[in-house]
1. Would you mind calculating the gained length between Ile479 and Ser461 on full extension (0.36 nm times residue separation, minus the Cα-Cα distance), in nm to one decimal?
2. Using per-residue counts of other Cβ atoms within 10 Å, averaged over each peptide, order 53-65, 165-177, 458-470, 307-319 from highest down.
3. With each label point set 7 Å from Cα along the Cα-Cβ vector, what nm distance links Ile244 and Ile183?
4. What list of ³J(HN,Hα) couplings, whole Hz, do you get for the stretch 174-187 from phi and the Karplus terms 6.51, -1.76, 1.60, once you set θ to phi - 60° and write x for glycine and proline?
Amino acid sequence: MEWINGLMSVLDASVLVFLIGGVIIGMFIGALPGLSATMAIAILTPLTFWFQPSQGFAMLIGVWNSAVFAGGISAILINTPGTPASIAQTFDGYQLYQKGQGGLALGINVIFSSFGGLVSCLALIFLAFPLARFTIQFGPTEYFALALFGISMMITVSGNSILKGIIVGMAGILLSTIGIDPILAIKRFTMGSTDLMAGISFLPIMIGMFGIGEVLSQIYEDKKSHDEEIEKEKSKNLKLGRVIPTRKQFKELALPAVLSSIVATVVGAIPATGGDIASIICWGQGKKISKNGQEYGKGSIEGLAVASASNNGVTGGALTTMLTLGLPGDAVSAILIGSLMMYGMQPGARLFIENKPFVINIILLMILANITLVVIGLLTAKVSAKALNISKQTVWVAVSLLCVVGAFALNNSYFDVIIMFAAGLLGFLFRKGDYAPGPFILGLLLGGLLESNLRRALVMSQGSMSIFITRPITLALIILIGMTFVLPFIKKYKKKWLQRT
């Protein structure tokens, strides 16, 4: 009955309009190289606070699913991934376009991206509620361990330097301490400012770091040679040909796409991973096990289907982790956690108890978004390339304006706009210094959860640290955290040992 009521709710005309609008916006943003689903969600999230939660989340989920898929459009047509998750689609998609099969490549991208998203939605349906019932047993020690596990993922998103990642992550944790003490309710590090009493708002930081920071980075960098190459690719205008694969091709691609979707769902459920990691893993594994593996990277429709399914296959896994544990499966779900909190909802077991109808709505919206995506994607496959002709200067201005409006709309506060610009400058400096912004966002997002639950646990145990090893779930999570730190060193020394022998 609850699912029927949820279906009726999401089939409301206004919700569908916002969903379709989100899919169209996401397609436009995802197709433009340099822009990403993370940037789109970060900019649009504050604007959705003007709408009802179901309408706002319909737009955000539509943007998320379609932006990830649309990154494959530029990957196929100009050999430049529109989003990081589309990297693996350049391996075969552009080769197909060069062979005069661009339409087929675009069709495979649409169909199997949607297919991967729907498979991951099944995981969300069957795993989210049992996982939420399991987390009801969690207390302060378990939530502390979960937060620590999430923060430990900064190692995997630190880019080229783990040390730089740890430094940036610690800076994010320190920033999360500004405001009112969660236990003693006294002011900390506010420097006498009333604007800082509520702490540093998460969304202006996200908007600035991923929006303004990216714009400043693109303006600063000298990309003339790269831009000339892109312009040459745009001017080729090769024939696209047929869009929808044949029945025989569908049969050949079905099994690899299913396997890719399942693997991507699992990868997406791991905190701090994303579509870029999943697509590369799935493409590489697909090449190893496929009987046509030698064709991968040379215009293989199977290779493209595997990469496309894995892109959107991540979403359901990431959302499962986000809703049940309150941990970000990827950067977009980190922003969606902030969105839920702004609506007064806390991810975790309480969300499934206090706001169960809304959780059902989110799951159904994910399914509808993928269905809408395949319909609109196929109808616009041959004209979607026109989005690539928009000048980068126009994109910069539009993104900057949306960043300002989004930051201000959050609390109608100019202070948030200042924070947004400061975060944008910081994001730009991170990029120039080769500091990955991911650890900073993880530290800022999870720092409060880490601190408050650590202190509550110590109050419960009267200062004894033994509470963290006497509770089985907490102990298991701490062992898992230890493995996160130890395994990279084991792999490193194993590699050295193999080279010596």
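1. 4.4 nm
2. Listed from highest to lowest mean packing, they are 307-319, 53-65, 165-177, 458-470.
3. 6.3 nm
4. So the Karplus estimates, Gly and Pro as x, are 4, 5, 5, 7, 5, x, 8, 4, x, 9, 8, 6, 10, 6 Hz.
Taken together, the values in this text are just the output of simple stated rules run on the coordinates, not laboratory data. Every value quoted in this text rests on a predicted model; they were computed, and no experiment measured them. Cβ coordinates were reconstructed from backbone atoms using ideal geometry, including for glycine residues, and neighbour counts include every protein chain displayed.
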